[in-house]
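The values are calculated or read from the model by the stated rules, or taken from the named source; none is laboratory data. Here the structure is a predicted model, which means the values were calculated and not measured. Glycine gets a Cβ as well: all are built from the backbone with ideal geometry, and neighbour counts include every protein chain shown. The area values use the complete protein model at the heavy-atom level, side chains included, leaving out ligands, DNA and RNA. Shrake-Rupley method; radii C 1.70, N 1.55, O 1.52, S 1.80 Å.
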Amino acid sequence: MRLSVYLIGCLLSLVLLSGAAYADERLIAVILTRDTPRYQAVHEIFVERFGQPKGVKLYVQQPNGDTLSLRNSARKAVAIGADAILTYGATATRAALAESYKTPVFYADVIDPMVQGFIPDQFTPGENVTGIRGDAPVQTLLKHFQTATGASRLCALYPKDEMSADNQVESLRRIAEKKGWEVLPKPFNRSMDAAAILGLVPGQCLGIYCADSPVFLKQAKELVDMANKKKLPIISQIPGMAEEGAFMVLETDPAEQGGQIADYLLRFLHGASLAELPPERPRNVSLVINLKTAKQLGIKVPFEVLSVTNRIIR
């Protein structure tokens, strides 16, 4: 009995000592979705720009992309007393906000955080969240796609259990409607393969919009190849999709995403409040066109579109 009491006392002492060690250290918890190259690229820039501030520790978790895993990571970040949580993408940000309550959340690479419900407007942080959005205006993408193809009817593909993608497609539909476009949303199950997903596309659609989702990144090549064979051009705001064969992509710069969020967290650690760190819009945006795909699809991209293209894949 005395030995048990002694052991419990030792364990309590270790816990207290550990707590004392952390008391002088600021802790930034990072939720970095596993197997998502885009987020990895943004995070690498963040680490480079953030550096190694004295008395600050980065605690990086790499969960799977499902909501349960992400919320477990957020819960753990709160439990260990993180001073702030850094998230990449809308799904991880939503999970962190569901668990953080008062812990500030800083996001990067989130498509339209206002539509996602994270912030009240494009210039004001949420109660405990701010960051840099990861998308460019979809109107620009629609405009250039229509100029190049004449199409004005799109099928929007997105995973049905991913609220962030659902919100993104609904925003796209409303914007397109004002321009006289028709967007047909088609949710799919994560378990479906590329052929089954493409089977959902209605025959009257003249192109496909792929919503921003890790699901597409995992099978992008197969999906794009099959769509191109069906003469269905794919457009997206997912960085890297053009390299996989998508016809046209409007993407933001991972270096800007990582650098901006590093700057915000450093300012926060030096005493800046979230009110002093308003949501940021990306400034470095690239229109990317895959001319090899255009040729395969029989699309002759006009000069007025090529002249504003930042990168051409031949």
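State all residues of region 70-96 that are in a loop (DSSP other than H, G, I, E, B) and either open to solvent by 10 Å² or more (accessible area, probe 1.4 Å) or at pLDDT 95 or above (or both); if no residue qualifies, say none.
The initial filter retains those residues of region 70-96 that are in a loop (DSSP other than H, G, I, E, B), namely 80-83, 89.
Within region 70-96, 80, 81, 82, 83 qualify.
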| query | Quick one: is residue 138 on the phi < 0 side of the Ramachandran plot and in contact with a strand residue (DSSP E or B) (Cβ under 8 Å, 6 or more places away or on another chain)? | reply | yes
| field | Close pairs from region 51-69: first free of Cβ contacts under 8 Å to residues at least 24 places away in the same chain, partner open to solvent by 60 Å² or more (accessible area, probe 1.4 Å), Cβ under 9 Å, at least 6 apart | value | 66/161; 66/190; 69/34
| message | Anything in region 258-272 that is without any contact (Cβ under 8 Å) to a residue 40 or more places away in the chain and open to solvent by less than 50 Å² (accessible area, probe 1.4 Å)? List them, or say none. | response | 272
| What are the residues in region 110-135 that are hydrophobic (A, V, I, L, M, F, W, C) and touching a strand residue (DSSP E or B) at 6+ places or on another chain (Cβ under 8 Å), if any? | 110, 111, 114, 118, 119, 129, 132
| said: For region 217-255, which positions are outside any strand (DSSP E or B) and buried (at least 24 other Cβ atoms within 10 Å of the Cβ)? | reply: 223, 224, 227, 233, 237, 238, 239, 241, 242, 246, 247, 254
| message | Filter region 97-108 down to the residues that are at pLDDT 95 or above and outside any helix (DSSP H, G or I) and list them by number. | response | 103, 104, 105, 106, 107, 108
| said: Looking at (1) part of a loop (DSSP other than H, G, I, E, B); (2) open to solvent by 60 Å² or more (accessible area, probe 1.4 Å), which one does residue 278 not meet, given that it meets all the others? | reply: (2)
| task | State which residue is nearest to the chain's Cα centre (by Cα) when the search covers only region 249-264 and only residues that are among the β-branched types (Val, Ile, Thr) and within 16 Å of residue 287 (Cα to Cα). | result | 252
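Part of a strand (DSSP E or B) and of a type in the set (A, V, I, L, M, F, W, C): which single residue out of 301, 288 fits that description?
Numbers: 301 fails: part of a strand (DSSP E or B).
288 is the lone residue from the list that is part of a strand (DSSP E or B) and of a type in the set (A, V, I, L, M, F, W, C).
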| note | So, first residue touching a residue at least 12 places away in the same chain (Cβ under 8 Å) in region 294-314, second residue open to solvent by 70 Å² or more (accessible area, probe 1.4 Å) and assigned to a helix (DSSP H, G or I), Cβ within less than 7 Å, six or more apart or across chains; the pairs are 313/292; 314/292
| query | Considering region 109-168 alone, what residues qualify as being hydrophobic (A, V, I, L, M, F, W, C), assigned to a loop (DSSP other than H, G, I, E, B) and open to solvent by 20 Å² or more (accessible area, probe 1.4 Å)? | reply | 114, 115, 123
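Yes/no matrix, rows are residues, columns are (1) of a type in the set (D, E, K, R); (2) assigned to a loop (DSSP other than H, G, I, E, B); (3) open to solvent by 50 Å² or more (accessible area, probe 1.4 Å):
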| residue | (1), (2), (3) |
| --- | --- |
| 27 | no, no, no |
| 30 | no, no, no |
| 33 | no, yes, no |
| 40 | no, no, yes |
| 46 | no, no, no |
| 53 | no, yes, no |
| 60 | no, no, yes |
| 65 | no, yes, no |
| 68 | no, no, yes |
| Which of the residues that make up region 281-293 are open to solvent by 10 Å² or more (accessible area, probe 1.4 Å), among the aliphatic types (A, V, I, L, M) and in contact (Cβ under 8 Å) with a residue 60 or more places away in the chain? | 285
